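Accompanying notes for the structure given below.
The values are calculated or read from the model by the stated rules, or taken from the named source; none is laboratory data. Worth saying up front: this structure is predicted, and the values here are computed from it rather than measured. In this analysis, Cβ positions are derived from the backbone assuming ideal geometry, glycine residues included, and neighbour counts consider all displayed protein chains. Only protein heavy atoms, including side chains, enter the accessible area calculation; ligands, DNA and RNA are left aside. Shrake-Rupley method; radii C 1.70, N 1.55, O 1.52, S 1.80 Å.
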Amino acid sequence: MANWKSAPSARVGALRLATAPLLIIIAALPVVVAGIWVINFGGPWLWHHTLHHRVLHLSVALPSWLAAYLSTWNWQPVLIGVIAGLVVHRLYRPIGNTVQLYFIEIAVTRTQASGTVPAWVRHPLTPPVIRERFSWMLDNDVRAEKHGAWIKVAAPVMTSILVVLAMYGGFVRLWIAKHGVPGHIF
């Protein structure tokens, strides 16, 4: 979450917003590479040098149903993703706070002008942190900061890029991973 209560109007500049995807990749890449290395090389090497070719036939610590589940489910990429997400979250929080504040300020300005509260605030259509921030800004009569034209261009462009990347990731994960290389798709 954006943790807006510690600094309700804290913002980052346009340069930091524009470089956010690159920052995320640079921050996550070493964690992902290290996680893959540990799974593929470090873990087996450690097992080989500490247990000397012993095979563990019975899992003492885990119930049999859990051991069977974990042995059939590829849980290592999920663990790497969670750890990378925890690292990246610290860097992305101020950027997410700025983007969230921008969209909430638009809604607060509209509500102050018209007097009608949006449906996404009245009904639980958005996360509580967004509705709480909207209500706090409305109750404290916070005036929205004037934004330049760059955000009106950057928000749709970045959204389009993220949607295309998500669709490409789904295609790679759900089609190419099961059917082979792109030359043999059909």
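Considering only W73, A107, Y92, the residue lying farthest towards the positive end of the dipole of the chain is A107, judged by Cα position with unit charges set on Cβ. Quick one: go through the range 5-44 and flag any residue whose amide nitrogen is under 18 Å from the point 7 Å out along the Cα-to-Cβ line of I161. Of the residues in the range 5-44, 12-29 have backbone N under 18 Å from the label point off I161. Carbon-plus-sulfur accessible fraction, the chain (probe radius 1.4 Å, protein heavy atoms only): 71%.
Only the Cβ atoms of Lys and Arg (+1) and of Asp and Glu (-1) were treated as charged; on that basis the dipole of the chain about its Cα centre amounts to roughly 120 debye.
Direction-averaged shadow area of the convex hull around the Cα atoms of the range 54-156, nm²? Before the final figure, lay out the partial values.
On the way: hull surface 47.2 nm².
Mean orientational projected area (the range 54-156, Cα hull): 11.8 nm².
In this simple spin-label approximation, V33 and A144 carry label points 7 Å from Cα along the Cα→Cβ vector, and these lie 4.3 nm apart. Structure remark: mean-square fluctuation, Gaussian network model of the chain, C-alpha springs under 10 Å; the largest value among H147, H49, H123 belongs to H49. Dividing the summed -39500 (n - 2.57) terms of all DSSP H runs of n ≥ 4 by the residue count of the chain sets its mean residue ellipticity at 222 nm at -20500 deg cm²/dmol. Summary value for the chain: 29 percent relative contact order, contacts being C-alpha pairs under 8 angstrom separated by 6+ residues. Of the trypsin sites (Lys or Arg not before Pro) in the range 86-186, the ones in a loop by DSSP (not H, G, I, E or B) with at most 14 other beta carbons within 10 Å are R143, K146.
Can you give the Rg to Rh ratio of the range 91-147, both from alpha-carbon atoms, with Rh computed by the Kirkwood formula?
0.96
Mind checking the full-extension length gain between L62 and H123? Use 0.36 nm per residue of separation minus the Cα-Cα distance, one decimal, nm.
Values: separation 61, 0.36 × 61 = 21.96 nm, distance 4.31 nm.
That pair, L62 and H123, stretches by 17.7 nm at full extension.
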